[in-house]
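Report on the following structure.
The values are calculated or read from the model by the stated rules, or taken from the named source; none is laboratory data. None of these values were measured; they are calculated from a predicted model. When we count neighbours, we look across all protein chains shown, and the Cβ atoms used for this are built from the backbone with ideal geometry, even at glycine. For the accessible areas, the whole protein counts, side chains as well, though only heavy atoms, and no ligand, DNA or RNA atoms are used. Shrake-Rupley method; radii C 1.70, N 1.55, O 1.52, S 1.80 Å.
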Amino acid sequence: AGTEMDDNASLVLGVFTQLRSLNLHRTGIMEQGIRTIARLTSLTRLNLGEVPINGGTLHLEALTRLEVLDLKEHKKVSIVAFRKMTRLTSLNLEGVKLTYREFRLLGSFTALKYLNLMRSGVNDRILSLFSFPRLTTLDCSHNGITRQGVVPLITMTNLVTLSLSKTKIGHAGAHMLLSLPRLKNVTLMESCSAEEEKKVLRELKWRNETS
């Protein structure tokens, strides 16, 4: 991660056909390198966070064994190319802007346990597309979510950790989160008053200590 690896250096990776985990965070790999990585079909974990690829992620569609995928800050990502990645349990889409169609497809990844949608353009309508029955950690901070968007969130009853900082859920939406039976950690900075946030956190702490 964070090295000077480029497309030429990445060609060496092609010989490691049984590689299971690969971290290319903040490297200089481009589309040719992505084509090389696409042949590593044994990969279960792949980090391409903050890699300057323009559409190259389309070549990853053969990596159907992936369980963990990090695409943080990609400017051109097509989730449609990932529709066969049904084993995904962890997906980082922080800063990735998706179309409505892609958000609908994202809702079909029902094996997800971790999902980061910070600054991804999520709103109330998009949240209504999701159920994610196994999800335990969700980050939807820095998005235009209101109290109405909390309604589909509270159907994700396995949530343990939730971040809704810098949204517009207000004090009513914040208190609605208390209906999540397994919720232990919540971040609501600048989404409601500091006093309301403290009340919610106190109630969660009390509930977790007495359950």
Exercise for review: Identify, by number, the condition in (1) more than 14 Å from the chain's Cα centre (by Cα); (2) at pLDDT 80 or above that GLY55 doesn't meet.
Suggested key: (2)
Review point. If you go through the stretch 117-137 one residue at a time, do you hit one that is touching a residue at least 12 places away in the same chain (Cβ under 8 Å), under 20 Å from ASN23 (Cβ atoms) and acidic (Asp, Glu)?
Key: no
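Could you list, in sequence order, all residues of the stretch 104-119 that are hydroxyl-bearing (Ser, Thr, Tyr) and either part of a helix (DSSP H, G or I) or over 13 Å from LEU138 (Cα atoms) (or both)? Break it down stepwise before answering.
Here is the first cut: in the stretch 104-119, the ones hydroxyl-bearing (Ser, Thr, Tyr) are 108, 110, 114.
Within the stretch 104-119, SER108, THR110 qualify.
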Practice item. Please determine, by comparing only the residues of the stretch 1-43 that are among the small types (Gly, Ala, Ser) and open to solvent by less than 60 Å² (accessible area, probe 1.4 Å), which one is modelled with the highest pLDDT. Key: SER42
Review point. Could we say that LEU46 is in a strand (DSSP E or B), crowded, with 16+ Cβ neighbours inside 10 Å and at pLDDT 80 or above here?
Key: yes
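Suppose the filter is at negative phi, open to solvent by 20 Å² or more (accessible area, probe 1.4 Å), β-branched (Val, Ile, Thr) and assigned to a helix (DSSP H, G or I); does VAL80 pass it? Can you show your working first?
Working: at negative phi: yes; open to solvent by 20 Å² or more (accessible area, probe 1.4 Å): yes; β-branched (Val, Ile, Thr): yes; assigned to a helix (DSSP H, G or I): yes.
Judged against the criteria, VAL80 is a match.
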Check your understanding: Of LEU106, LEU135, LEU98, which residue is modelled with pLDDT under 95, within 21 Å of LEU71 (Cβ to Cβ) and open to solvent by less than 10 Å² (accessible area, probe 1.4 Å)?
Key -> LEU106
Practice item. Please specify each residue of the stretch 153-171 satisfying the condition of being farther than 17 Å from ASN123 by Cα and out of contact with any Leu (no Cβ under 7 Å at 6 or more places or on another chain). Key: THR161, HIS171
Revision key, fill the gap. Checked pairs for the stretch 143-167, first under 18 Å from MET189 (Cα atoms), second in a loop (DSSP other than H, G, I, E, B) and open to solvent by 40 Å² or more (accessible area, probe 1.4 Å), C-beta under 6 Å and 6 or more apart or across chains, list as VAL160/THR136; VAL160/ARG182; VAL160/LYS184; SER165/MET189; LYS166/HIS142; LYS166/GLU190
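Could you count how many residues in the stretch 176-192 are open to solvent by 60 Å² or more (accessible area, probe 1.4 Å) and not β-branched (Val, Ile, Thr)?
Within the stretch 176-192, the first condition is being open to solvent by 60 Å² or more (accessible area, probe 1.4 Å), and the residues that meet it are 179, 181-182, 184-185, 187, 189-190.
Next cut, not β-branched (Val, Ile, Thr) only: 179, 181-182, 184-185, 189-190.
Of the residues in the stretch 176-192, 7 are open to solvent by 60 Å² or more (accessible area, probe 1.4 Å) and not β-branched (Val, Ile, Thr).
Of all residues in the stretch 144-164, which are within 24 Å of ALA194 (Cβ to Cβ) and open to solvent by less than 10 Å² (accessible area, probe 1.4 Å)?
Within the stretch 144-164, the first condition is being within 24 Å of ALA194 (Cβ to Cβ), and the residues that meet it are 144-150, 153-154, 159-164.
Of everything in the stretch 144-164, those that are within 24 Å of ALA194 (Cβ to Cβ) and open to solvent by less than 10 Å² (accessible area, probe 1.4 Å) turn out to be ILE145, GLY149, VAL150, LEU153, LEU159, LEU162, LEU164.
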